[in-house]
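Chemist: Quick one: this structure, given as structure tokens, is what I'll be asking you about.
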Amino acid sequence: MELRSGRRLRPPQPHGARCQRRRGPEEVQADRISALPDEMLLLVLARLGCVRAAVQTSLLSRRWRGLWTGLTDLAFRRLEPTTIEAVLARFAHISAVSVYDVPLPFGNAGHDAAAQANSFLCAAARLSPGKLVFTLPDRHFYVAKIELPCFPSTASIDLDTKNFPVELMSSGEFAALERLFLSGRINCLCDMLNHCPRLRVLSVEATSLQERLVCVMPPPVHEFTALESLSLTGRIDGLCSLLNCCRHLHVLSITYMDSRQLTLPSDTEFPVLEKLSLSGNIVGLTTSVNRCPRLRVLRVTFYGVKIRPIEAALTRLEVAGPFGFQLSLLGFKHISQGHGTNASCFASLLRIVARLSPQEFLFENCSSQLTIQLFPSFHCTTSIQIKLGLWISFKVLPGSHFTVLERLSLSGGSIVDLGTMVTLCPRLCELRVTEARGNIKFHSGSLQKLSVSTDKWTG
């Protein structure tokens, strides 16, 4: 049909045709994400990083409803224990879970928290995750204990029990376990290791509190030939018994946080050890180094030791050299002067440190009232960190050079003539100084980070 204007009048369209034309591809914003296959949508849910957020996607549409039950990485964040238990019931049909990550929320009494933790661990054992991460709240409650069930198919366990003691629930074997990270009060370490034939990496951390410890006794029943990396921090009872069964280590790190003597077993050699880190009241440093013929990297921090024993130990190490390893870190923490110690003793100690040429030097928490000349030349040191008592001050020795120093941090004490110090560090990138006084004007073409706090009384 044609109108007077010459325009042609189109016949009426079938019912629904107009709506279909309006929603053409160029006019409609289709939900392309929901059209993806389940495998792709599960990847989207996994990137959310939390089961709670994944469950909430069920509100989007019918397409997303219940899809979260197909997740294999289970991370629970900010969920109450009853909610976690309800969610876990929905995963009972899953044959394999990659990650099981449960930080138990705060607000539970000691017995309740332990009971809930044991319940969750049993549920995790039934799910047979490839990796287990479990964290308990910090409670001052030592009676209730955590019972760890057997995880025969789990390759990695990260268990942080805070104040709660840990014991094995059964005598089953952790046949697939290769990485084990424990933090808290571990009363069954050797018992656990005897059931981990494939364990390669072990890290155990206890705090400085006397109640928190890692008990190695009774001794291991066999040698741990698969163990390659061992890290122990805190109070470790039965250390030598454990190390005698770990002769195939490639990496060993031991940190004592009390005054007990730290030494390696006198009758054990570590033929393949490449990296050694010792921190504490170290005794027999040179002897320990000589028992590691393939050592490449050494990190040493003297903790709670007087200056004269440190000087004697470093002198013996210097005389016994040269060694084929790199002194990656040399540090002093909470050292004391002792009778007859004065500024010359500090200066002598610093000269020995300079000759040993550590890559990093750490000097922390020494309470004295001394003026110390700061260092002879440190030609191989890239990082120096000093944190001292209020009444210690430093000044630069004439002719000193710090040719490769990149990071310098001085806090707690005072440094005289900071400008001169900076000019001696042509590669300095980061400088952090508190209580600086005197000349604080300097020029540096390499400095990238700067933090300076002047002495409010004299600056």
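Chemist: What whole-number value in cubic angstrom gives the convex hull volume per residue for the C-alpha atoms of segment 240-359? Show your work: numbers first, answer last.
Modeler: Values: hull volume 11.7 nm³, N = 120.
Dividing the Cα hull volume of segment 240-359 by its residue count gives 98 Å³.
Chemist: Mind checking the full-extension length gain between residue 122 and residue 248? Use 0.36 nm per residue of separation minus the Cα-Cα distance, one decimal, nm.
Modeler: 42.0 nm
Chemist: In segment 49-66, whose amide N lies under 15 Å from the spot 7 Å out along Cα-to-Cβ of residue 34? List them in ranges.
Modeler: 57-66
Chemist: Additional query: Within a 10 angstrom radius of the beta carbon, how do 380, 122, 292 rank from fewest other beta carbons to most?
Modeler: Arranged by neighbour count, lowest to highest, 380, 122, 292 become 122, 380, 292.
Chemist: Can you list residues whose amide H is under 5 Å from residue 433's amide H, if they're 5+ apart or on another chain and H is modeled 1.01 Å from N?
Modeler: 410, 451, 452, 453
Chemist: Can you give the extra length, in nm with one decimal, that the chain gains between residue 429 and residue 258 once fully stretched, where that is 0.36 nm per residue apart less the Cα-Cα distance?
Modeler: Result: 58.1 nm gained on full extension.
Chemist: Moving to a separate point now. If I model a spin label at residue 344 and residue 223 as a point 7 Å from the Cα along the Cα→Cβ vector, what separation in nanometres do I get?
Modeler: So the two model labels end up 5.1 nm from each other.
Chemist: Also, quick follow-up: Output ³J(HN,Hα) for segment 162-170: one whole-Hz value per residue in order, computed from phi by the Karplus curve 6.51 cos²θ - 1.76 cosθ + 1.60 with θ = phi - 60°, and x for Gly and Pro.
Modeler: Per residue, the Karplus-derived 3J(HN,Hα) values read 6, 7, 7, x, 10, 9, 6, 7, 9 Hz.
Chemist: Report the FRET efficiency, 1/(1 + (r/R0)^6), for residue 179 and residue 441, where r is their Cβ-Cβ distance and R0 is 45 Å, rounded to 0.05.
Modeler: 0.30
Chemist: Using modelled backbone amide H atoms (1.01 Å from N, in-plane), which distant-in-sequence or interchain residues come within less than 5 Å of residue 168's amide H?
Modeler: 148
Chemist: Once amide H atoms are placed 1.01 Å from N in the peptide plane, what residues at a sequence separation of 5 or more from residue 232, or on another chain, have their amide H within under 5 Å of its amide H?
Modeler: The list, which skips near neighbours in sequence, is 204, 253, 254, 255.
Chemist: Just subtract the alpha-carbon distance of residue 62 and residue 453 from 0.36 nm times their residue separation and send over the number in nm, one decimal.
Modeler: 134.7 nm
No lab work stands behind these numbers, since they all come straight from the coordinates. Everything numeric in this text was worked out from a predicted model, so none of it was measured. As a convention, Cβ positions derive from the backbone with ideal geometry for all residues, glycine included, and neighbour counts pool all protein chains shown.
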